[in-house]
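Q: Below is one structure. I have some questions about it.
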Amino acid sequence: MTRIRPSRRPSPSLVISCIALSVALGGTSYAAVSIPRNSVGSAQLKKNAVATSDVRDGAITTTKVKNGSLLAADFKSGQLKPGPAGPSGSAGAKGDPGAKGDPGAKGDTGATGPATVQQLDADADLADGAKGSYTVFCPAGQQAIGGGGRGDDTSSEATSVTASRPSISATNTEPPASGQGFTGWRITVTNTVGGITTGIRPSVWVVCVAAP
């Protein structure tokens, strides 16, 4: 049986000679260099040399991110949830009063409500030859727009209405000044001398509407 002898490894000088010969003949060179694990560090990387495409998807995890290094702008909209509401702060100092605004435009005049009448009848007879004044007023919240009166229901011709005018209010029965409002109506009646001696009961009315 023939014994096979193992081949001898080429010597370093032979390897170098072969490489030099290849360079001389081909004009180009190629070096296959085996880079040891964990031998490339920050010092070996050119600044700005690593692009986004060089980073494998999912390669950067929370353990690779420095705490406190990311900003809110680094997160997509809606990713950061708002935290719980903080306690209410103390009240601030009272601000200065604002400037007085301009008066608003005058509004349109509202529609006049329905008119109603208040009537007052004398509670006692007006004696023969006597004169009496009678006043009636609108309810609270209403104003007068007119009025009138008579000397008696059945014998008005036996009397003389000497005055029929508006009256300012229940506390001031004087006639209103020009342009002034009023709430009542007042009449003055005289029972003519030599006429009817009993049963003369004057009446007075005031026409009222809701106050604007």
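Q: Consider P82 carefully, then state whether it is out of contact with any Lys or Arg (no Cβ under 8 Å at 6 or more places or on another chain) and either without any contact (Cβ under 8 Å) to a residue 40 or more places away in the chain or open to solvent by 100 Å² or more (accessible area, probe 1.4 Å) (or both).
A: On the way: out of contact with any Lys or Arg (no Cβ under 8 Å at 6 or more places or on another chain): yes; either without any contact (Cβ under 8 Å) to a residue 40 or more places away in the chain or open to solvent by 100 Å² or more (accessible area, probe 1.4 Å) (or both): yes.
Judged against the criteria, P82 is a match.
Q: Follow-up. Failed condition for L120, given (1) modelled with pLDDT of 90 or more; (2) loosely packed, with under 12 Cβ neighbours inside 10 Å; (3) of a type in the set (A, V, I, L, M, F, W, C), with all others met?
A: So L120 meets the others, but not (2).
Q: A follow-up question, please. Select from the stretch 198-212 the residues that are in contact with a strand residue (DSSP E or B) (Cβ under 9 Å, 6 or more places away or on another chain), closer than 18 Å to D153 by Cα and open to solvent by 60 Å² or more (accessible area, probe 1.4 Å) and list them in ascending order. Show your work before the answer.
A: The initial filter retains those residues of the stretch 198-212 that are in contact with a strand residue (DSSP E or B) (Cβ under 9 Å, 6 or more places away or on another chain), namely 200-212.
Within this subset, residues satisfying the condition of being closer than 18 Å to D153 by Cα are 200-206.
Passing the criteria: R201, W205.
Q: Being assigned to a loop (DSSP other than H, G, I, E, B) and polar (S, T, N, Q) narrows it down to one residue among S88, S53; which is it?
A: Details: S53 fails: assigned to a loop (DSSP other than H, G, I, E, B).
On inspection, the qualifying residue turns out to be S88.
Q: Another one. Starting from residues that are of a type in the set (S, T, Y) and closer than 20 Å to V209 by Cα, keep the ones in the stretch 172-197 and report whichever is most open to solvent (accessible area, probe 1.4 Å).
A: Applying the first criterion (of a type in the set (S, T, Y)) to the stretch 172-197 yields 173, 178, 183, 188, 190, 192, 197.
Applying the additional criterion that residues be closer than 20 Å to V209 by Cα yields 173, 178, 183.
Details: T173: 48, S178: 127, T183: 40 Å².
Per the criteria, the residue is S178.
Q: Restricting attention to the stretch 173-193, which residues are without any contact (Cβ under 8 Å) to a residue 12 or more places away in the chain and over 46 Å from the mean Cα position of the chain (by Cα)? Please lay out each step first, then the result.
A: Taking the stretch 173-193 and keeping what is without any contact (Cβ under 8 Å) to a residue 12 or more places away in the chain, we get 174-179.
Listed by number, the residues that qualify are E174, P175.
Q: All but one of (1) in contact with a Lys or Arg (Cβ under 6 Å, 6 or more places away or on another chain); (2) closer than 16 Å to V206 by Cα hold for S156; which doesn't?
A: In the conditions (1) in contact with a Lys or Arg (Cβ under 6 Å, 6 or more places away or on another chain); (2) closer than 16 Å to V206 by Cα, S156 misses (2) alone.
Q: What's the number of the condition T109 fails, among (1) in contact with a Cys (Cβ under 6 Å, 6 or more places away or on another chain); (2) open to solvent by 50 Å² or more (accessible area, probe 1.4 Å)?
A: Here T109 meets the rest and fails (1).
Q: Here's a follow-up. Quick check: anything in the stretch 60-73 out of contact with any strand residue (DSSP E or B) (no Cβ under 8 Å at 6 or more places or on another chain), part of a loop (DSSP other than H, G, I, E, B), touching a residue at least 12 places away in the same chain (Cβ under 8 Å) and open to solvent by 80 Å² or more (accessible area, probe 1.4 Å)? Walk me through it before giving the result.
A: Residues of the stretch 60-73 that are out of contact with any strand residue (DSSP E or B) (no Cβ under 8 Å at 6 or more places or on another chain), as a first pass: 60-73.
Adding the requirement that they be part of a loop (DSSP other than H, G, I, E, B) leaves 60-61, 65-71.
This time we only want the ones that are touching a residue at least 12 places away in the same chain (Cβ under 8 Å), so: none.
No, there is no match, as no residue in the stretch 60-73 is out of contact with any strand residue (DSSP E or B) (no Cβ under 8 Å at 6 or more places or on another chain), part of a loop (DSSP other than H, G, I, E, B), touching a residue at least 12 places away in the same chain (Cβ under 8 Å) and open to solvent by 80 Å² or more (accessible area, probe 1.4 Å).
Q: On the basis of being closer than 15 Å to G181 by Cα and crowded, with 18+ Cβ neighbours inside 10 Å, does G141 make the cut? Working first, answer last.
A: Details: closer than 15 Å to G181 by Cα: yes; crowded, with 18+ Cβ neighbours inside 10 Å: no.
So G141 does not fit the description; no.
The values are calculated or read from the model by the stated rules, or taken from the named source; none is laboratory data. Source: prediction; values computed, not measured. Quick reminder, even Gly has a Cβ in these numbers, built from the backbone with ideal geometry, and neighbours come from all protein chains shown. These area figures cover heavy atoms from the full protein model, side chains too; ligands, DNA and RNA do not enter into them. Shrake-Rupley method; radii C 1.70, N 1.55, O 1.52, S 1.80 Å.
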